[in-house]
Amino acid sequence: MALPPGFLDELRDRVSLSDVAGRKVTWDRKKSNPAKGDWWAPCPFHQEKTPSFHVDDRKGYYYCFGCHAKGDAISFVKELENVSFIEAVRILAADAGMTLPEQDPREQEREDARAKLVDAMEAAVQFFCMNLRSAKGRETREYLVRRGLTAQTVDRFELGYAPDARHALVEALTQKGLTLDALIEAGLVIKPEDGGKPFDRFRGRLMFPIRDARGRCIAFGARAMDPNARAKYLNSPETPLFSKSRTLYNHGPAREAAGKAGSLIAAEGYMDVIALAQAGFGHAVAPLGTAVTEDQLKMMWRMADEPIIALDGDAAGQRAAEKVIDIAAPLLEAGKSLRFCILPEGRDPDELIRSGGPGAMRSALEAALPMVDLLWRREVEGKVFDSPERRAALDKSLKEALGRIADPLVREHYRDAIREKRAELFAPKVHGVMRAVEKQDTARFRGRVGGKPGWRPPVHATAEMRNSLLARQGGDAEARGRESVILATLLSHPALIETHDGEVAALSFSCRDLDVIRMALLSAAGEIIAEGEPLSTDALASRVASRVGGDPRETLERVPLVRHERYARPDAPQDLAERGLRELLTRHVAHTARLLEVGEAEAVAPSAEDDHVTERLRATLESELAANKLPDEGPATAKSESSELQRFIDERIWEKKTNRRDSGRG
């Protein structure tokens, strides 16, 4: 509709924005200055406790410093009432006593036709309500009582009954002067294609009037009373008044209640909304189809920043929630999201309230999950990720889901949340190691754990033991070589960290500088996995370097054994690296156990005259030799270490024999 020049300016001059907005907000008297046309209130477009919504009455503009909503009186009515521009103008013009200019004749005809449809719908509301109170509606009234609805609730939602007769409504309303064409166009009556007599669309059903944000009845929802009916629920068809995808049941009352409650509940059906309202949750709406639409989400966000989707706790409810996620993702923005109330399996809000009372529903709402949790659950629930291919499939689906989020800031925060959840799923051990590393006492680097420069002999060890090869082993070339090869293999083949992280975390390193690299390697790997990034040699080396102050590869490659062992090189086959690392870890554990056994043996019997120490050392030697079954290209250190241990035992035996002979001579 075209408006003449100057009409809108005159309308804005005649209308006081503070009066228009004052119908929807409560002004903050302390902060407002009416004399200057300066008004402040909590914003009606988003939920808040402090007044950030400002109206400048002299200029006729509003602005919210919280959600940045802005405009004039026309945009205020248009957004808050969810009406078209021309409809907002019509509402304000009526308030200001202004007459809209003559419309195009065809537009005037359409307006008149819509007015007749509204009259037909209101007449139908009265007809259905009357029939519910009559003898015909007795079974339906009993059904409502069984559902726990009070008479006040029935009246509040104008529930009615459509008689199980083919022409009851059409005859009643045409007798009141309503035309058959209006009843057909309003969706109340069906005209057969074969030219037969038009008949009522709704028969033998409980009727739910559906009103728009302005309170006009625009459609009906209907529940069959016959359990054998083909369709349990039936809605009005699309009409000039009604668009299912752009309508919410209980929109008007819920909008007002949402402003007071600070939240909005989206349930699945009419009875859920009615039960919620009767239990004190008046801020509830319901979509009029199998899934929430984009337009309905936008309408909800005008009422609350974070509506709670409370769907039935069955498979259908879960599928509906998953559809909502895909619809909402492109629309998310800072401060605008959804939460999901997961009801007990097999329950809807109505059933939960009847069985557990309002408290049970309130607890379920308070436990509502953010949308990111439902997105993650949808992608992983009931699936097994025991292979690289399955993990890759998960990463692909997550990437696609996150790619639907249009807002870059929101998308980045979703990525962070998903990385954390992925890390918990795939790398719990690495995370545990990271936490252990972070909490370790600095005494570890002072020699109390792991040693400085290496393993420390027990306090009762003999002088010979302190000076032996075993005591020196903590910092000698053989220990450095073995520990360097372990780290080099992990760095060259990062995938091995995920399978051996627990074993590596439990190792005791003799060389302090290599132990620092070991912990930095585990920490860096856990961090990369948590972020969902590829675990590569370069990425690992870079992060370890930032922790230890230098490229770990340079430190490790100075050790000749690292350059000698083929499986420690980046170009080695993965299976060779796996076999070599496994053997090396076994040998290192055995070697550490041998050191501890020697110290313990000396500490227990430092001056024994029998073969106690010797026998314990010999048993340790046999265990280590059993562990030192080298792979084809394993380290060359094991045999020399074992020979050194054998030499030490032989020396101890010779020393004891000499001592015994000297003692016998004395």
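The values are calculated or read from the model by the stated rules, or taken from the named source; none is laboratory data. Bear in mind that the values here come from a model prediction, so they are computed numbers and not experimental data. Please note: Cβ atoms are built from the backbone with ideal geometry, for glycine as well, and neighbour counts cover all protein chains shown.
A few remarks follow.
- Region 369-415, residues that are under 17 Å from the mean Cα position of the chain (by Cα), loosely packed, with under 12 Cβ neighbours inside 10 Å and hydrophobic (A, V, I, L, M, F, W, C): 409
- Being closer than 18 Å to residue 410 by Cα, among the charged types (D, E, K, R) and surrounded by fewer than 20 Cβ atoms within 10 Å (Cβ to Cβ) is a property that holds for residue 333.
- In the set 142, 158, only one residue is among the acidic types (Asp, Glu) and not in a helix (DSSP H, G or I); that residue is 158.
- For beta carbons closer than 7 Å, sequence separation of 6+ or different chains, a first residue in region 163-182 that is loosely packed, with under 14 Cβ neighbours inside 10 Å and a second that is acidic (Asp, Glu), the qualifying pairs are 166/200.
- Scope region 353-397; condition touching a Lys or Arg at 6+ places or on another chain (Cβ under 6 Å) and among the aliphatic types (A, V, I, L, M); matching residues: 368
- Of the strands (runs of 3 or more DSSP E) lying entirely inside region 202-317, those containing at least 3 residues that are crowded, with 20+ Cβ neighbours inside 10 Å and not assigned by TED's automatic domain parsing to the domain that holds residue 143 span 308-311.
- Output for region 181-201, where each listed residue is hydrophobic (A, V, I, L, M, F, W, C) and assigned to a strand (DSSP E or B): 189, 190, 199
- Boolean, residue 366 is free of Cβ contacts under 8 Å to residues at least 24 places away in the same chain, under 26 Å from residue 148 (Cβ atoms) and assigned by TED's automatic domain parsing to the domain that holds residue 403: yes
- Here residue 596 fits the description: more than 41 Å from the chain's Cα centre (by Cα) and either surrounded by fewer than 16 Cβ atoms within 10 Å (Cβ to Cβ) or modelled with pLDDT under 85 (or both).
- Residue pairs whose Cβ atoms lie under 6 Å apart, sitting 6 or more positions apart in sequence or on different chains, and linking a residue in region 113-132 that is more than 20 Å from residue 181 (Cβ to Cβ) and not assigned by TED's automatic domain parsing to the domain that holds residue 206 to a partner that is buried (at least 17 other Cβ atoms within 10 Å of the Cβ) and β-branched (Val, Ile, Thr), do not occur here.
- Of all residues in region 325-374 being in a helix (DSSP H, G or I) and among the basic types (Lys, Arg), the one that is nearest to residue 269 (Cα to Cα): 354
- All of 565, 578 fail the test of being touching a Gly at 6+ places or on another chain (Cβ under 8 Å) and modelled with pLDDT of 85 or more, apart from 565.
- Filter result (surrounded by 22 or more Cβ atoms within 10 Å (Cβ to Cβ) and among the polar types (S, T, N, Q)) within region 37-92: 82
- Each residue in region 15-64 was checked for being on the phi < 0 side of the Ramachandran plot, small (Gly, Ala, Ser) and in contact with a strand residue (DSSP E or B) (Cβ under 7 Å, 6 or more places away or on another chain), and 5 pass.
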